[in-house]
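Each remark here refers to the structure printed beneath this line.
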Amino acid sequence: MKYGKTTNALEAIGFRQPMSGLRRSSVLTAVLLGILNFVAGKAQAQPALTPGQGATEQLFYLVLVPAVAIGVLVMALVAYAVRKFRVRPGHTTGPAVAKTHDRKLETAWTIIPAIILVVVGVAAFQTLVITDTIPQNPDVTVIVTARQWSWSFNVTYPNGSYSGPQSGAFTVKLGQVVKLLFESVDVAHSFSVSAYGLKIDVIPGHVNQYWFKALVAGNYEIHCAEFCGLNHYSMVATLHVSSA
């Protein structure tokens, strides 16, 4: 009775007992997910520079948010289990009849991951359709030639006009569909425009293809992302996207 009266008195002046381990874990999980959603929203608010970049980033966040949520939930449950079931005075033995299986719980943790994998698989396929489907009638076709340690570009337009070879830079107009053909005359290189999230291997004896449509005007650096020799660091060029 004395303990009960003391507890009631404390509650009357605003004192509350500390939250249980499970409640603390739930609050922490909710806070972390809120921060993650805020960061993801901020990142997605930035305009995509190409359709491929936009589709890839959407897929990234579609995978990232559930992955972090599941990771945080698992860590919270582990922390709760460690705290609740640890050996301590008065709690040195487990239950007499331990529960070893739960059909409903096992069904849930099988079906829910399966649904997540199906959703991610469909989204990944849709992303590949955007990024890896080469347009049949591009506005511009660019043959990108890599050699130690420079890039050169041969640009062909649908009307038959031709510009090239251009060394160190090439120019396209805003909104043009650009098809890229990659070739190397010596060793393996890698064509990388980090602003576009674009990285394509350039292999001797094999022509790789890719495409993009610039959605924002500007100048974008091109680098070689595959070590190709002593002056690899100097293998830099520029993509100019003109607004007119």
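The values are calculated or read from the model by the stated rules, or taken from the named source; none is laboratory data. Note that this is a predicted model, so its numbers are computed, not measured. FYI the Cβ positions are ideal-geometry reconstructions off the backbone, even for glycines, and counts take in every protein chain you see.
Just checking, which of Gln166, Gln126, Gln176, Gln148 is polar (S, T, N, Q), at negative phi and not assigned by TED's automatic domain parsing to the domain that holds Tyr220? Give the derivation first.
Values: Gln166 fails: not assigned by TED's automatic domain parsing to the domain that holds Tyr220; Gln176 fails: not assigned by TED's automatic domain parsing to the domain that holds Tyr220; Gln148 fails: not assigned by TED's automatic domain parsing to the domain that holds Tyr220.
Result: Gln126 is the single residue among Gln166, Gln126, Gln176, Gln148 that is polar (S, T, N, Q), at negative phi and not assigned by TED's automatic domain parsing to the domain that holds Tyr220.
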Select, from Val119, Val97, Val129, the only residue that is in contact with a helix residue (DSSP H, G or I) (Cβ under 8 Å, 6 or more places away or on another chain), more than 30 Å from Asp186 (Cβ to Cβ) and not hydroxyl-bearing (Ser, Thr, Tyr). Val119
Quick one: would you say Val118 is outside the structural domain of Pro51 (by TED's automatic domain parsing) and not in a loop (DSSP other than H, G, I, E, B)? no
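Considering segment 149-166 alone, what residues qualify as being in a loop (DSSP other than H, G, I, E, B) and either surrounded by 14 or more Cβ atoms within 10 Å (Cβ to Cβ) or polar (S, T, N, Q) (or both)? Outline the logic, then answer.
Restricting attention to segment 149-166, the residues satisfying the condition of being in a loop (DSSP other than H, G, I, E, B) are 149, 157-161.
Result: Trp149, Asn159, Ser161.
Just to check your reading of the model, which residue among Leu73, Leu32, Leu36 is over 17 Å from the mean Cα position of the chain (by Cα), in a helix (DSSP H, G or I), modelled with pLDDT under 85 and surrounded by 15 or more Cβ atoms within 10 Å (Cβ to Cβ)?
Details: Leu73 fails: modelled with pLDDT under 85; Leu36 fails: over 17 Å from the mean Cα position of the chain (by Cα).
Just one listed residue meets the conditions, Leu32.
Can you pull out every residue in segment 133-148 that is surrounded by fewer than 15 Cβ atoms within 10 Å (Cβ to Cβ) and of a type in the set (A, V, I, L, M)? Before you say what the answer is, go through the steps one by one.
Kept after step one, since they are surrounded by fewer than 15 Cβ atoms within 10 Å (Cβ to Cβ), are these residues of segment 133-148: 133-137.
Answer for segment 133-148, where residues must be surrounded by fewer than 15 Cβ atoms within 10 Å (Cβ to Cβ) and of a type in the set (A, V, I, L, M): just Ile134.
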Looking at (1) of a type in the set (A, V, I, L, M, F, W, C); (2) farther than 23 Å from Val63 by Cα; (3) touching a Pro at 6+ places or on another chain (Cβ under 8 Å), find the lone condition where Ile130 falls short. (2)
